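The structure appears below as structure tokens.
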Amino acid sequence: MDNNYQGNQNDLVKLIQRYELELEHRIKSENEINMIAKMLTFPDQDNINEILKILGKMTKVDRTYIFEFKDNLKFMDNTYEWTAENAESEIENLKNLPSDLFPWWMKKLKNNETIVIEDIEEIPAEGNNEKEMLKDQSIKSLLVIPLFKDSLKGFIGFDDIKSKRKWNYADIDLLNAIGNLILSYWDNVDKTKKLHQVNKELSQTVSSMINILVNISVERDPYTKDHSSRVALIAENIAEEFGFQSNELSTIKIGAQLHDIGKINVPRSILFKPGSLSELEFEMVKQHTRFGYEIIKDVNLPNVIKDIVLHHHERNDGSGYPDGLKEAEMPFETRLIAVVDVFEAMTSHRAYRPSLTVDEALSYLDENKGIMFDQEIVNCLKSLYL
Ligand SMILES: [Fe+2]
């Protein structure tokens, strides 16, 4: 009786110890799963290799890997791999494998079935090809989890080389859950790649459209082309001094390239007229800001570009056109192009007058800074030339 009691007690202690170990393993696994879930939140980072390492160490297998199918499941590639110190890498040997060489394996995976092989000697005859391939890699037992979302995408495998293993259901469930996380991650990576591609194509379309607009205006007025390009360059240099970032600099450059686009609607006889313009002719030239705005107002461009086109002849004191805006009513970018436009025009040759020197143009801007022109922008322009 006493012996039985003692025996029962020992069994109970062993059971509790096993339970504690199991619990410890489970908590540790859950922490690792949380870490993996976090790693899979960032679709820009390729963390799959690191995840295979965590899974390999967590399950104490010798090799973890991912295969991906291609060409409508016709071929498979070993795309990721982690190996323990004692195990040899196989990834380079396992590329472009024809799926139909492994019919037993494929049938299970296509049915979204987890493959658990405790002893590869027990693989049935229909899986002979698979058995040979696994033996070639010295595998004793393995677990394969299909990566299946709507259809089969690939699989994750866990190889044991040193000894056979009996997988428990809780671990298999856990690894299946990780398989699903990896599938969602791939989905996100795909979506992000597609989004980048769409953005790239869109910006290429916008660039082509801007080039077309600029080229059309150049056909009529070569002065405007050179003028706009130089305004873009100087404005970019000043904006850089003010700490603008690359996408903001691009916007300023596009605004500068397009700022006089409305001149396309001003008669050439007026644009190229030597000597001074009549009041009516000058009124027609002034219309180029509104013409330009009308051309681009419905195009999907940043508003600041449209503002530059419409308001680059405004002056801080309200003496400009077309709306007589004052300093606070204009974005920095428009005030910038206003200054650079005047500077570039004054230092270039025009049909109606020869060019002024840089010093003369800077003196004019300096005299009018804080009145017609933005003081800080004029100071910055001066600092670039003096
Ligand atoms: Fe203009």
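Against the numbered list (1) modelled with pLDDT of 95 or more; (2) within 16 Å of the ligand (Cβ to nearest atom), Gly243 comes up short only at (2).
Yes/no per residue for (1) polar (S, T, N, Q); (2) modelled with pLDDT of 95 or more; (3) under 24 Å from Leu213 (Cβ atoms):
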{"site": "Thr289", "(1), (2), (3)": "yes, yes, yes"}
{"site": "Tyr293", "(1), (2), (3)": "no, no, yes"}
{"site": "Asp298", "(1), (2), (3)": "no, no, yes"}
{"site": "His312", "(1), (2), (3)": "no, yes, yes"}
{"site": "Leu336", "(1), (2), (3)": "no, yes, yes"}
{"site": "Val342", "(1), (2), (3)": "no, yes, yes"}
{"site": "His349", "(1), (2), (3)": "no, no, no"}
{"site": "Phe373", "(1), (2), (3)": "no, yes, no"}
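The residue pairs whose first member lies in the range 312-326 and is under 16 Å from Gly292 (Cα atoms) and within 15 Å of the ligand (Cβ to nearest atom), whose second member is assigned to a loop (DSSP other than H, G, I, E, B) and of a type in the set (Phe, Trp, Tyr), and whose beta carbons are closer than 9 Å, counting only pairs six or more residues apart or on different chains, are His313/Tyr321; Glu314/Tyr321.
If you check Arg26, Arg63 for being in the same structural domain as Glu118 (by TED's automatic domain parsing) and either at pLDDT below 90 or out of contact with any strand residue (DSSP E or B) (no Cβ under 6 Å at 6 or more places or on another chain) (or both), only one passes: Arg26. Looking across the range 282-310, the residues that are in a helix (DSSP H, G or I) and more than 15 Å from the ligand (Cβ to nearest atom) come down to Asn303, Val304. Do the conditions hold for Ile210, that is, is it in contact with a helix residue (DSSP H, G or I) (Cβ under 7 Å, 6 or more places away or on another chain), touching a residue at least 40 places away in the same chain (Cβ under 8 Å) and loosely packed, with under 15 Cβ neighbours inside 10 Å? Taking the combined requirement at face value, the residue does not satisfy it.
Against the numbered list (1) within 16 Å of the ligand (Cβ to nearest atom); (2) open to solvent by 50 Å² or more (accessible area, probe 1.4 Å), Thr224 comes up short only at (2). Beta carbons closer than 6 Å, at least 6 apart along the sequence or on distinct chains, pair a first residue in the range 89-109 that is more than 13 Å from Ile123 (Cβ to Cβ) with a second that is among the hydroxyl-bearing types (Ser, Thr, Tyr) for Ser89/Thr83; Met106/Ser99. Of all residues in the range 151-180, those that are under 15 Å from Ile48 (Cα atoms) have Cβ atoms under 9 Å from Cβ atoms of residues that are surrounded by 19 or more Cβ atoms within 10 Å (Cβ to Cβ) and of a type in the set (Lys, Arg), 6 or more apart or on another chain, in Gly157/Arg63; Phe158/Arg63; Phe158/Arg165. Pairing each residue of the range 287-298 that is under 11 Å from Ile264 (Cβ atoms) with any residue that is part of a helix (DSSP H, G or I) and within 11 Å of the ligand (Cβ to nearest atom), provided the two are 6+ apart or on different chains, yields C-beta distances under 6 Å for His288/Gly262; His288/Lys263; Phe291/Gly262; Gly292/Ile261; Gly292/Gly262; Gly292/Val309; Ile295/Ile261. The number of residues in the range 137-175 being modelled with pLDDT of 90 or more, over 31 Å from the mean Cα position of the chain (by Cα) and not in a loop (DSSP other than H, G, I, E, B) comes to 7. Looking at Asp150, Asp136, Asp100, just one residue is within 28 Å of Asn188 (Cβ to Cβ), in the same structural domain as Leu174 (by TED's automatic domain parsing) and of a type in the set (Asp, Glu), and that residue is Asp150.
Within the range 247-271, the residues that satisfy the criterion of being in contact (Cβ under 8 Å) with a residue 12 or more places away in the chain, open to solvent by less than 60 Å² (accessible area, probe 1.4 Å) and away from the ligand (no atom under 15 Å from the Cβ) are Leu249, Thr251, Ile252, Ile254, Pro267.
Could you list, ordered by first residue, the pairs with Cβ atoms under 9 Å in which the first is in the range 222-236 and among the polar types (S, T, N, Q) and the second is not in a helix (DSSP H, G or I), at least 6 apart or interchain? Short answer, once both residue conditions are applied: Thr224/Asp260; Ser228/His259; Ser228/Asp260.
The values are calculated or read from the model by the stated rules, or taken from the named source; none is laboratory data. None of these values were measured; they are calculated from a predicted model. In this analysis, Cβ positions are derived from the backbone assuming ideal geometry, glycine residues included, and neighbour counts consider all displayed protein chains. All accessible areas refer to the heavy atoms of the entire protein, side chains included, with ligands and DNA or RNA removed. Shrake-Rupley method; radii C 1.70, N 1.55, O 1.52, S 1.80 Å.
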